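J.: Please see the structure below; I have some questions.
The values are calculated or read from the model by the stated rules, or taken from the named source; none is laboratory data. Quantities reported herein were computed from a predicted structural model and do not represent experimental measurements. Cβ placement follows ideal geometry from the backbone for every residue including glycine, while neighbour counts extend to all protein chains displayed. Calculation scope for accessible area: heavy atoms of the full protein, side chains included, ligands and nucleic acids excluded. Shrake-Rupley method; radii C 1.70, N 1.55, O 1.52, S 1.80 Å.
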Amino acid sequence: MTMVTKGRCCRSVHAGLTLCLAAALLGHGRPAAAQDVEEWRAVDIRQEIRTHFDRLPYGWWIREPELHLNAYEVEVNIPDWWHGNPTSAVNNLCPERQSRIWKVAKILTLRPFHQKRPWPEVDCRR
C-alpha cells in the first residue's frame, strides 16, 4: 500500500513540476514588469514606423526614422504638385492610440517637407 501511495505522490509532484516548467516557458509566473520589458524589446520601432506609413497618398514618402533627444522623427516628403497645408495633412498621419509604436516612443515628430523646404513639424503623442 505504501508503494502505491508513494507512486501517486511522486507522479503528482512530477506533474506539478512539469506544469510549472511549462508555465515558465510560456511566460506565466513571471513578474508583470519582466513581461513588459520583453514586450518592449520585441518591438522594432523603426519597422513599426515604416509599416505605419506604408499607405501614404500617391507620391508621398518618408525618410528613415531617426532618434533625436528621446523622440523619434520622421520626415514626410510631399510632392510639389500636391496642394494644401502640409502641416495639417501630416497631423492626420499620427499613429492611433493602440499602435505598437507607443510601447517604445513617447513622442513621434513628423516633419513635412514640401516644395523644397521644411514646414512646421507636428508632435504626435499617445
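J.: Using a 1.4 Å probe on the protein heavy atoms only, what accessible surface does D54 show? Give it in Å² to the nearest 10.
T.: Surface open to solvent at D54 totals about 110 Å².
J.: Using every alpha carbon pair in region 51-126, what percent of pairs falls into each 5 Å bin from 0 up to the bin containing the largest distance?
T.: 3, 16, 29, 27, 15, 7, 2, 0
J.: Let me ask something else about it. So for the pair H83, D123, with labels modelled 7 Å out along Cα→Cβ, what separation do we get in nm?
T.: 3.4 nm
J.: So if we plug the beta-carbon distance of D44 and K116 into 1/(1 + (r/R0)^6) with R0 = 35 Å, what FRET efficiency do we get, rounded to 0.05?
T.: It comes out at approximately 0.65.
J.: Right, another one. Test of the criteria: in region 49-126, which GluC sites (Glu not before Pro) are in a DSSP loop and have at most 14 other Cβ atoms within 10 angstrom of their Cβ?
T.: Of the GluC sites (Glu not before Pro), the ones in loops of region 49-126 whose Cβ has at most 14 other Cβ atoms within 10 Å are E96.
J.: Could you work out the relative contact order of region 33-126, using alpha carbon pairs under 8 angstrom and six or more residues apart, expressed as a whole percent?
T.: 28 percent
J.: Let me ask something additional. In region 55-126, which chymotrypsin sites (Phe, Trp or Tyr not before Pro) fall in coil by DSSP and have 16 or fewer other Cβ atoms within 10 Å?
T.: When the chymotrypsin sites (Phe, Trp or Tyr not before Pro) of region 55-126 are filtered for loop state and at most 16 Cβ neighbours within 10 Å, Y58, W81, W82 remain.
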